Amino acid sequence: MGSEKKIASGVFWTTLVNIVNGVYGFISVPILLACYGKSDYGLIALAMSVNVYLRLMDLGFNSTNVRFFSNWLAKNDTGKVRQLFQTSMAFYGTLGIINSLTLCVISVYADRIFNLAPEQIVIVKNLFYILAISAFISWFTSCFEQLVKAHEQVGWTQKILLLPKLSQFVILALTVMFKLRIEVYYALTAFSMFMVIPFLVNRIRNLCPYISFRPSVFKKVFMEVLPYTLNIFSFGIFQFSILNLRPVFLGIQCTPSEMSDYRILEGIIRIVLMLGGAFMSVLLPTASRIVAVNDTEGQHRMIYQGTRFVSIAICFCCFGMISVAPELITVYVGREYLYLIGWLDLWLLTTLCTHNQAISVIILAGADIRAITYCTIVSSIIGLLICWFTIPAYQVGGTVIGYAVYCIIQLGFYYFYYWPHVLQIDSLRVFFKSFLPYMAIGLLVATSLRLVHFDISPWLVGMFKGFVFLFAYALLIVWSLSKEDILFLKNLVAGRRHVHVTVNH
């Protein structure tokens, strides 16, 4: 299977999994709010926020492993692949132990850290103990999926992820039917993800029969990948912080009710990010191969044409959601939550900043990312400071404002400095030809639909606006695409092994 077909398969299955995951996240919020109440449901968001931040201990090895696995597989260096895999198992296993112990310590002192009622402290402690167990298993098996992805088998990994994702719907139904305790619901949901492990092991044995599952440390290989992973970590720690410290700040300064507001917005935003953000992990293995063999033409296609199609997808998701936002909130959790509309619109607009995914994978596939590190440090610190100081006045809105400032600083750095001066990328071409037309189309259609009001069921209004947006956006996008773009899409869908596209400079 050629790289183009693998990318198409990866995008399709990743999008499908993200749709299932997004639908689950979307419908589970109102259902669990009804089951446990706004205050107690916020405890799940609180526990998850703390544990997600502990994923920083990855130190950037996730992207690093995919890059080096892909690079060495392209060069048929199976010895280094095996050594890195065993070293990663030892490294991740150690992190799993540290993560679990940290969660246990947080559980012991939860009453001193968080602003919770006595009965809520008991629930939170139990949630942290559940997380401690699942965290170790998750860490120890992290490199399994990374190795499979490095074979450009992203589509296959997403297929097997459907199994636990679908099982979570069953768990949710059982929770409602039997009124399961919040700890039982969370334990079943967390441990359901591990049913994919046997499938991953079997796939690795078929793809890489030379692989050993015995954890071991190969110092030479570890030292070879360490400089790159430290580069990734040095900007990843701040990027991760701006994404995951915001709800922690909210939990410290506010009550679990505000955490529920955050979860409501996040449930909607997650759909957009999952549908539009499927490209990064799919493109990274291919980008690593392109960089490894110094394929300049492939890099140009990835940068200019790749950004165009990523922008189309991102703008569709962002503005499609904006067009139905009032109806969506009303149907989702009720009219009493319409005060969140403004913050939802602002958060949705920040997702447009992810239109640079195709360029980002080229950057990550390279070696020197120091300038990005410095920018990320500055923008993250500024964003988090703004978040901390605006939360008391705007509650959940403070988390959105801080993130918006972070995104603006990042995008300005890329467009005005890093792309033109470091990567020699034509920023004007990226903006005016690969992004702006599709943003303008989405904004025009969404704004028009937001001005339309009907005094009927919000379900019907939302469906009507959704179908109108889909039809109008698709029609205008097809009209705006060039013959080369349409040919590229046809060949990609047809799964041709080699897709040649002319790059106009």
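Note on segment 114-141: among residues that are open to solvent by 20 Å² or more (accessible area, probe 1.4 Å) and under 23 Å from the mean Cα position of the chain (by Cα), the one that is nearest to THR78 (Cα to Cα) is THR141. Do the conditions hold for LEU250, that is, is it open to solvent by less than 60 Å² (accessible area, probe 1.4 Å), at pLDDT 90 or above and within 28 Å of ILE372 (Cβ to Cβ)? So LEU250 does not fit the description; no. Comparison of ARG203, ARG246 shows that the only residue that is assigned to a helix (DSSP H, G or I) and touching a Cys at 6+ places or on another chain (Cβ under 6 Å) is ARG246.
In the set VAL422, VAL430, only one residue is modelled with pLDDT under 95, over 25 Å from the mean Cα position of the chain (by Cα) and among the aliphatic types (A, V, I, L, M); that residue is VAL422. Scanning segment 334-355 for residues that are touching an Asp or Glu at 6+ places or on another chain (Cβ under 9 Å) and open to solvent by less than 40 Å² (accessible area, probe 1.4 Å) turns up TYR337, LEU340, TRP347.
Do we have LEU33 as open to solvent by 10 Å² or more (accessible area, probe 1.4 Å), at pLDDT 80 or above, more than 20 Å from SER142 (Cβ to Cβ) and in a helix (DSSP H, G or I) here?
yes
In segment 217-237, the residue that is most open to solvent (accessible area, probe 1.4 Å) out of those that are in contact with a Ser or Thr (Cβ under 7 Å, 6 or more places away or on another chain) and at pLDDT 80 or above is VAL217. The lone criterion from (1) surrounded by 14 or more Cβ atoms within 10 Å (Cβ to Cβ); (2) in contact (Cβ under 8 Å) with a residue 12 or more places away in the chain left unmet by LEU180 is number (2). When the criteria are applied in full, LEU451 fails the requirement of being open to solvent by 60 Å² or more (accessible area, probe 1.4 Å) and at pLDDT 95 or above. Among the residues of segment 164-186, count how many are assigned to a helix (DSSP H, G or I) and among the basic types (Lys, Arg). Number satisfying all stated conditions: 1. Cβ-Cβ contacts under 6 Å between residues 6 or more apart (or on different chains), taken from a first residue in segment 1-26 that is open to solvent by 50 Å² or more (accessible area, probe 1.4 Å) to a second residue that is at pLDDT 70 or above, are listed as TRP13/GLY155; TRP13/GLN158; TRP13/LYS159.
TYR438 satisfies every condition listed in (1) in contact (Cβ under 8 Å) with a residue 40 or more places away in the chain; (2) open to solvent by 90 Å² or more (accessible area, probe 1.4 Å) except (2).
The values are calculated or read from the model by the stated rules, or taken from the named source; none is laboratory data. Remember, it's a predicted structure, so these values are computed and weren't measured experimentally. Please note: Cβ atoms are built from the backbone with ideal geometry, for glycine as well, and neighbour counts cover all protein chains shown. Calculation scope for accessible area: heavy atoms of the full protein, side chains included, ligands and nucleic acids excluded. Shrake-Rupley method; radii C 1.70, N 1.55, O 1.52, S 1.80 Å.
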